[in-house]
Amino acid sequence: MLPELRDFVTVSLGLYERECRDESKFTDYSFIVFPMAKAYEGFLKQYFLDLGLISESTYFSRRFRIGRALNPDVHENQRDQWWLYDDVVHQCGVATAQSLWNTWLESRNRIFHFFPNKHQSVSLVQAGQHLATIADSMRRAVTCQAGQLGVSA
């Protein structure tokens, strides 16, 4: 993981530990998950680059969207070179692809975005669960990547 991404993880873990210790009683702890979710986005871009699923120009592109790339429900006529779900399935299996997508959906998109008529607040316990989910998905991806590259994880 790139050093700047590790810094985001450290911030999230530090915030979580602080809030567990200090018991601030906020009504929403989404702020704890934000840095880790940002690290997850950067991790996935690097992961796709390392596996050869995207080019360096795509990695740096402002047009590349991970949510679209990982979405298994993208309509067939919209699946282009940036739709990567099937590539991840091919290289790492359905379980890994689904884990990466579910984590993106639940621990990134639903944390960052507002959806009318949906309960948006994240409890401290839920924030900790999101951090664990993101870490688990990254571990799963690294295990697959190591297998692809022929090294032990």
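The values are calculated or read from the model by the stated rules, or taken from the named source; none is laboratory data. Since the structure is predicted, the reported quantities are computational estimates derived from the model, not experimental observations. Reconstructed Cβ throughout: ideal geometry from the backbone, glycine too, with neighbour counts over all protein chains shown.
Structure above, values below:
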{"read-out": "The range 115-129 residues that are within 24 Å of Arg21 (Cα to Cα), paired with ones that are surrounded by 12 or more Cβ atoms within 10 Å (Cβ to Cβ) and among the charged types (D, E, K, R) (beta carbon under 7 Å, 6 or more apart)", "value": "Ser121/Asp28; Val122/Asp28; Leu124/Glu19"}
{"read-out": "Condition check for Phe112: closer than 30 Å to Asp22 by Cα and among the aromatic types (Phe, Trp, Tyr)", "value": "yes"}
{"read-out": "Test: residue in the range 102-109 that is under 30 Å from Cys20 (Cβ atoms) and among the aliphatic types (A, V, I, L, M)", "value": "yes"}
{"read-out": "Unique residue being of a type in the set (D, E, K, R), at pLDDT 80 or above, in contact with a helix residue (DSSP H, G or I) (Cβ under 7 Å, 6 or more places away or on another chain) and more than 30 Å from Glu23 (Cα to Cα) when the list is Arg68, Arg140", "value": "Arg140"}
